[in-house]
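Shown next, in structure tokens, is the structure this report addresses.
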Amino acid sequence: MVSEKMTKVLALYNEGLSLYKNRKFVEAKANFQKALEIEPNDGPSLLYIERCDDYIADPPPEDWDGVYNMKTK
């Protein structure tokens, strides 16, 4: 059974992921940050905050398919 806390984290994460896929990186980042306020060790939210920061600084091409391309190894 999923705790109420994790249910909230999942809802924020899923909404953030939807925003991310729709190129709304600032809004997506805000959702992932809210998830971290509830669960500071949420790895997926931490990862997507980094990706949002990358795409806010350097947006993906118009034909972006949602796949993140690592810049360094």
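The values are calculated or read from the model by the stated rules, or taken from the named source; none is laboratory data. These numbers come from a predicted model, not from an experiment. Positions of Cβ are generated from backbone atoms using ideal geometry, with glycine treated the same way; all protein chains shown enter the neighbour counts. Please note that ligands, DNA and RNA were not included when accessible areas were found on the heavy atoms of the full protein model with its side chains. Shrake-Rupley method; radii C 1.70, N 1.55, O 1.52, S 1.80 Å.
Points to keep in mind about this one:
- Extension gain, Leu47 to Ser3, is 13.6 nm, computed as 0.36 nm per intervening residue step minus the present C-alpha separation.
- Low-density loop positions, GluC sites (Glu not before Pro), the stretch 1-58 - DSSP coil, at most 15 other Cβ in 10 Å: none
- Over the chain, the hull volume per residue, using the convex hull of the C-alpha atoms, is 99 Å³.
- Among Leu17, Leu36, Leu47, the largest mean-square fluctuation in a Gaussian network model of the chain, built with springs joining Cα atoms closer than 10 Å, belongs to Leu47.
- Acute angle (nearest 10 degrees) that the helix 43-57 long axis makes with the longest principal axis of the chain, alpha-carbon atoms: 30
- Dipole magnitude of the chain about its Cα centre (Cβ charges: Lys, Arg +1; Asp, Glu -1), debye to nearest 20: 100
- Each helix, a run of at least 4 DSSP H residues, gives -39500 (n - 2.57); summed and divided by the residues of the chain, these come to -21500 deg cm²/dmol at 222 nm.
- Hits among lysines - C-alpha to C-alpha of Lys8 under 25 Å, sequence gap 8 or more where chains match: Lys21, Lys24, Lys29, Lys34
- Protein accessible area in the stretch 19-58, 1.4 Å probe - carbon and sulfur %: 49
- Å² per residue, accessible surface of the chain at 1.4 Å: 71
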